[in-house]
Amino acid sequence: MNASEVMDPHPTTLKPTDSIKSAAKYIMKNRYRSLPVVDDDFCYLGIFGVNCLLKQVIPKAVFMRQGLENVSFIHESLEDLFQRFAEVKDQPISDCMNNTVHTVAPDTPLTETLLQLYETRASIPVVESGSCKLLGMISYWDIGNKILHAGGQPDA
Amino acid sequence: MLDVHQADVIFGLSPVWFAGTLFVITYVLIVTERLNRAIISMMAAALMIMSGVLTQQAAVKGVDFNTIGLLTGMMIIVGITRDSGVFQYLAIRSAKMVKADPWGILVMLMMVTAVLSALLDNVTTVLLIAPVTLLITDTLKLSAYPYLFAEIFAANIGGTATLIGDPPNIMIGSATGLGYNDFLFNLAPISIFILFVSIIPIYVIWGRKLKADPKLIQKVMLYREIDAIHDWVLLKKSLFVLTLVMIGFIVGHDYGLQPATAAMFGAALLLTLNCLPHGQEKQTELVTKSLNDIEWITIFFFIGLFILVYGVESTGILEALAHQVLGLTGGDKTVTAISILFVSAVASTIVDNIPFVATMIPLIKNMAVSFGGAAQLEPIWWSLALGSCLGGNGSLVGASANLIVAGFAERSGQPIHFLPFMLIAFPMMMVSVMISSLYVYLRYF
């Protein structure tokens, strides 16, 4: 079995030109953890998710390489966080999407796909070999359900 | 010339030509930064041995283990102490002491950086202070540039003040037997003066325009610095060991205790105190973490360089060069000291000051006979220390700490570019060198 057999071939996607505000509202409303970002040709560009949102509202000095490891001395309110969000809300999501997430090819074996999923700890994109075309997404739920149903008895 | 067994002909060249060529190529490669500097110096050291300029036994003799031990020991101690959060506490506390006034914060962060650089090392200091600086400037909606610029200057000036503040001083102290107190009494006063003088142009260029919204200032005042310390037990252990090590530096010299021994003892003691309450597995984890905190690139860079320079020295090149320098300065000690101060400052602006000082040490030692003995060289050693440490301020590549700060600036979206930095930094550095030359002249001649 390989990645193409367990993926969702019709994933919800975002466009790189979507604003951070609209994308944030969308993923919050639908309780998505992350969504793939694709261009008009369905070329995979990166992932936008709740982590990107958190990154926008936490001080920059925390997330940079060799940045602050301990921020327990900072005491901020929700208004402070919103102010930081307001400064970037109209920027396109291409500015903050994560383009370092591992992808798998459709013929990646199932065990290797599961390992990638385990290490990424978020849905992983299935991208056509030799191109950037997004073919589908694999989430914990897709895989979990398929494993549970594999024996033919969902309640087993 | 050193008493080492040497091959007569190496690849058709005399040892002098081979070692000299290898030395120049190594320098060029270090300057171009095309390859990691540790690789370059290790390769040069290996070639020095494989070619027969040095035997392996002679090469080991060339490595200054006092420098290596001091650097390694301090890296371990600082690595463990850092985990207590005390350095963040100091930075935030200093900002709040001036009521988060933007100019006051700049001056305070400069002072904290200078003091920590004198007591620890420049690179560690800026690694600890720069992220807090970016947090504060981000909160106050101010450009981080003046703050980071000021911290680069403070780190290099602070490092000049003590034996352990900057690698050139560690090397000079180790090679000459000059102790912690010698450095403190001879270099700290002038370093403090230069630090205060450096504040003036920073104020004129940036300081008088630094203003922040009172609401944002209030946000900084809400930081609870005490919460930055998240391991009080570790803090107490670290401060206890740091105090012991400092005492070792200050009084140990009179009892023949080398700084490396004090630092290594401190590192071993702090590791013991940190690991003792834990089981075997956790101990292994803690020791591994501490040893990973050692900047191995710097350590191997030093080892390779020591061997390379020892090889060059063994051929007699540096002795000949020393005579050339004395010829140029007319054998006058004052002219020699001031020349070395300026040359080392300019050289340290362009190349890493570590290889430069490693080369200059044996060269200056060769001047001892002309000046009436090793004791007469002391003003020249202070000139070398002042020039090579302060010279680091001349450009962005002048010191490792500068590049670390530039990296932070880049990641925060406010890059420090080479030329604009140098346009302000180089004249400021030259002023500090002129002040130093006046100091050397008035105090020692």
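Okay, here's what the table says:
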read-out: For residues of A:57-66, the mean tally of beta carbons on other chains within 10 Å; value: 5
read-out: Value at 222 nm in deg cm²/dmol, rounded to 500, when DSSP H runs of n ≥ 4 in the protein assembly as shown each add -39,500 (n - 2.57); value: -21000 deg cm²/dmol
read-out: Point-to-point label distance, A:HIS75-A:SER22, nm (Cα→Cβ direction, 7 Å offset); value: 4.0 nm
read-out: Cβ-based net charge around B:ILE354, under 11 Å, with every Lys or Arg adding one and every Asp or Glu removing one; value: -1
read-out: Mean separation of Cα contacts under 8 Å, 6 or more apart, over the residue count of the stretch A:3-150: relative contact order %; value: 33 percent
read-out: Summed side-chain charge close to A:ILE138 - residues other than A:ILE138 whose Cβ falls under 11 Å, Lys, Arg +1, Asp, Glu -1; value: -2
read-out: Net charge contributed by nearby residues that have their C-beta within less than 14 Å of A:ILE20 (K/R +1, D/E -1); value: +2
read-out: Tensor-based shape of the protein assembly as shown (alpha-carbon gyration tensor, a/c under 1.5 rounded, otherwise prolate or oblate); value: prolate
read-out: Projected label distance in nm at B:ILE205 and B:TYR145, using a 7 Å step from Cα toward the beta-carbon; value: 1.0 nm
read-out: Spin-label zone in the stretch B:378-401 - amide nitrogen under 19 Å from a point set 7 Å from the Cα of B:PHE445 along the C-beta vector; value: B:378-388
read-out: Cα centroid separation - the stretch B:294-324 against the stretch B:242-279, whole Å; value: 28 Å
read-out: Cα-only radius of gyration and Dmax that characterise the stretch A:3-150, units Å; value: 16.9, 50
read-out: The stretch B:91-199: trypsin sites (Lys or Arg not before Pro) in DSSP coil with no more than 14 other Cβ atoms inside 10 Å; value: B:LYS99, B:LYS141
read-out: Sparse-neighbourhood loop sites, GluC sites (Glu not before Pro) in the stretch A:61-156 - DSSP loop, at most 12 other Cβ within 10 angstrom; value: A:GLU69
read-out: Simple label model, 7 Å out from Cα along Cβ direction - A:PHE85 to B:HIS278, nm; value: 3.8 nm
read-out: Global form of chain B, assessed from the alpha-carbon gyration tensor, a/c cut-off 1.5; value: prolate
read-out: Pairs of lysine residues in the stretch A:3-150 - Cα separation under 19 Å, sequence separation of 8 or more or cross-chain; value: 13
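Rule-based calculations on the coordinates, nothing more; no lab input. None of the values given here were measured: they were computed from a predicted structure. Note that each Cβ is placed from the backbone with ideal geometry, even for glycine, and that neighbours are counted across all protein chains shown.
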